[in-house]
């Protein structure tokens, strides 16, 4: 990682998120082709998806910049405003849906990983969510890949380690799936596993 950093976090909501959509889309398109996502996205689709973070009540985005360069981001919104496939996954659980906040992503460019910035960004996001005074749980979803997947890098560190270290617990049986085009051009179905963390 570059030792001469000028790291700043910018918490955005509403119209401010709308102004940052291009930066968020660029970051996602750069990072999501990596394992485990292997996602081949299109900018138009990214901008359409990300617009929901500018429109949903209580949704937010945090941009992390090194100088003028966007090097990371987190996004989130109340679970009740998420895709029906995500809502349906929680339909049989004991959790009141209106008390859960969904973390859409927490991303960093490769040179800025594994140096504590992820923990700081999650802390900033949690602090903001607590300040809203309406949410008691955080949830997120991870892509499920077999350990012997041919494209898994030798030095790959599963995101589950970060989630467990930061207080998230795997929600057994709470899953969904999404179809997207992978980097080889083939559309595949991807199982997603949910995790949860108390904000109390």
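A few notes on this one:
- Shape class of the range 25-83 from the Cα gyration tensor (axes a ≥ b ≥ c, square roots of the eigenvalues): oblate, since a/c reaches 1.5 or more and a/b does not exceed b/c.
- Ordered from longest to shortest, the equivalent ellipsoid semi-axes for the range 53-168 are 25, 20, 13 Å, each the square root of 5 times a Cα gyration tensor eigenvalue.
- Among 156, 135, 53: highest mean-square fluctuation, GNM of the chain, C-alpha pairs under 10 Å: 156
- On full extension, the segment bounded by residue 97 and residue 175 gains 26.5 nm, given 0.36 nm per residue less the C-alpha separation.
- The range 52-73 and the range 135-200: distance between their alpha carbon centers, rounded to Å: 21 Å
Read the figures in this text as sums done on the coordinates, not as results from a lab. Note that the structure is a prediction, hence the values are computed from the model and not measured.
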